[in-house]
Amino acid sequence: MSKGLHDHRAEKATANLAPSIQIVNYSRHSTDDIENWVAFAESKMQSRGSRIFVLIYPVGAQIEPEKRIRSDYADQVFREHEVLLSGDQIESILGEIETWFRGDHCSTDNRKSLGLSDYRTWLEKGADASTMHGLCETTRVVMMAITQQMRDHETIEDFYYFLSHELYHAFQQDLEDEGECRHKRNQAGRNSNSVWMYEGAAHYFGTWLVAEEYGKTNYRSEILESAKLAFERQGNSQRLGWDTEPDKLGAAALSLMIEHDMVTEESILDGSLFHECARELEFDHNSLEIQHIKNSWHLIKNDGEVFHFKKEAYRDRR
């Protein structure tokens, strides 16, 4: 990976992928390469129903003491950093998003307005954004901030994983579903399957896609290793949720579901697991099968350099 990004005088590069994926890239990574990777990721999906806008931009050093950013979406999730984009660049980005919104017939004018307000806040405060914002069922905005840490220490593989993870969320077709899907999730509250399943699937997909591109065969071991380390970081807590690195823990839980024939790996990798809200409507968070997954996903060991589930993870679930 090339060190550093274009400075605030750099020109942006824009790419359009038919149908309806637009990329605005202010990073040093080639827009052609990013466009090819986006097409590569999309080619793995069973289908895509969303229009997607992807913005990749640099931020500088984190502001100290830490300042959390207030916004309508992802309130106080992102931190303020030195702003590397110029005022003109920020206005250009917001203008492109606003123009892109004009072709959208799904989200309301109010949601578009709130979104633009949030994006302005994030850009003007140097937010370390790493998110997919779903404005409605088929309108998705991916925001990826490239931090100094990423520029100095991460590889091109790390960047492609980051991009793959956020794109996968944009490909998940049921994230903004209303009706029974939303009702079940709200009813379950913190016990809902949604967060750990959709974050875990994004981590699983991103890890697998990078492994496929770079000829690695041990992606399942890598997924379990990441989960084991996360489990140890959180003090050996088994909880699956927002507050416990849900992407890494959830990917291990999904791996165990594959082992128990509860889901297929193919349904994760092609996105079809997220077409009809299976995470809430098919998998009851109170069921014995899901309770077993929640109680056993962390039962991971390594033999040499290979990580796999302990035999206790395969015990009778009755």
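The values are calculated or read from the model by the stated rules, or taken from the named source; none is laboratory data. In this text the structure is predicted, and so the values were computed from the model without any measurement. FYI the Cβ positions are ideal-geometry reconstructions off the backbone, even for glycines, and counts take in every protein chain you see.
Against the test of being part of a loop (DSSP other than H, G, I, E, B) and among the acidic types (D, E), the options D247, D174 yield a single qualifying residue, D174.
Applying the set (1) within 27 Å of the chain's Cα centre (by Cα); (2) surrounded by fewer than 19 Cβ atoms within 10 Å (Cβ to Cβ) to K310 leaves exactly one unmet item: (1). Each residue in segment 248-270 was checked for being crowded, with 23+ Cβ neighbours inside 10 Å and in contact (Cβ under 8 Å) with a residue 60 or more places away in the chain, and 1 of them qualify.
From the list N286, N295, N236, the lone residue that is surrounded by fewer than 21 Cβ atoms within 10 Å (Cβ to Cβ) and not in a loop (DSSP other than H, G, I, E, B) is N295.
For the condition part of a helix (DSSP H, G or I) and either touching a Ser or Thr at 6+ places or on another chain (Cβ under 7 Å) or surrounded by 18 or more Cβ atoms within 10 Å (Cβ to Cβ) (or both), A188 does not qualify. Here G215 passes the criteria (1) in the same structural domain as D303 (by TED's automatic domain parsing); (2) outside any loop (DSSP other than H, G, I, E, B); (3) surrounded by fewer than 19 Cβ atoms within 10 Å (Cβ to Cβ) except the one numbered (2). Would you be able to say whether some residue in segment 145-153 is among the hydrophobic types (A, V, I, L, M, F, W, C), closer than 22 Å to G206 by Cβ, touching a strand residue (DSSP E or B) at 6+ places or on another chain (Cβ under 6 Å) and assigned to a strand (DSSP E or B)? Looking for residues that are among the hydrophobic types (A, V, I, L, M, F, W, C), closer than 22 Å to G206 by Cβ, touching a strand residue (DSSP E or B) at 6+ places or on another chain (Cβ under 6 Å) and assigned to a strand (DSSP E or B), one finds at least one in segment 145-153, hence yes. The single condition from (1) in contact with a helix residue (DSSP H, G or I) (Cβ under 6 Å, 6 or more places away or on another chain); (2) part of a helix (DSSP H, G or I) that S221 fails is (1). Scanning segment 24-49 for residues that are touching a Leu at 6+ places or on another chain (Cβ under 7 Å) and outside any helix (DSSP H, G or I) gives V24, Y26, S27, R28, K44.
The lone criterion from (1) outside any helix (DSSP H, G or I); (2) under 25 Å from D177 (Cα atoms) left unmet by D261 is number (2).
What number of residues in segment 96-119 are surrounded by fewer than 18 Cβ atoms within 10 Å (Cβ to Cβ) and either in contact with a Cys (Cβ under 6 Å, 6 or more places away or on another chain) or closer than 20 Å to Q62 by Cβ (or both)?
As a first pass, look at segment 96-119 and keep what is surrounded by fewer than 18 Cβ atoms within 10 Å (Cβ to Cβ): 96, 98-99, 102-106, 108-110, 113-114, 116-117.
The next check asks that each one be either in contact with a Cys (Cβ under 6 Å, 6 or more places away or on another chain) or closer than 20 Å to Q62 by Cβ (or both); those that pass are 106.
Residues meeting the conditions: 1.
Residue check: is S226 modelled with pLDDT of 95 or more, touching a Lys or Arg at 6+ places or on another chain (Cβ under 7 Å) and farther than 22 Å from K44 by Cα? Outline the logic, then answer.
Details: modelled with pLDDT of 95 or more: yes; touching a Lys or Arg at 6+ places or on another chain (Cβ under 7 Å): yes; farther than 22 Å from K44 by Cα: yes.
Here the answer is yes, as S226 does meet what is asked.
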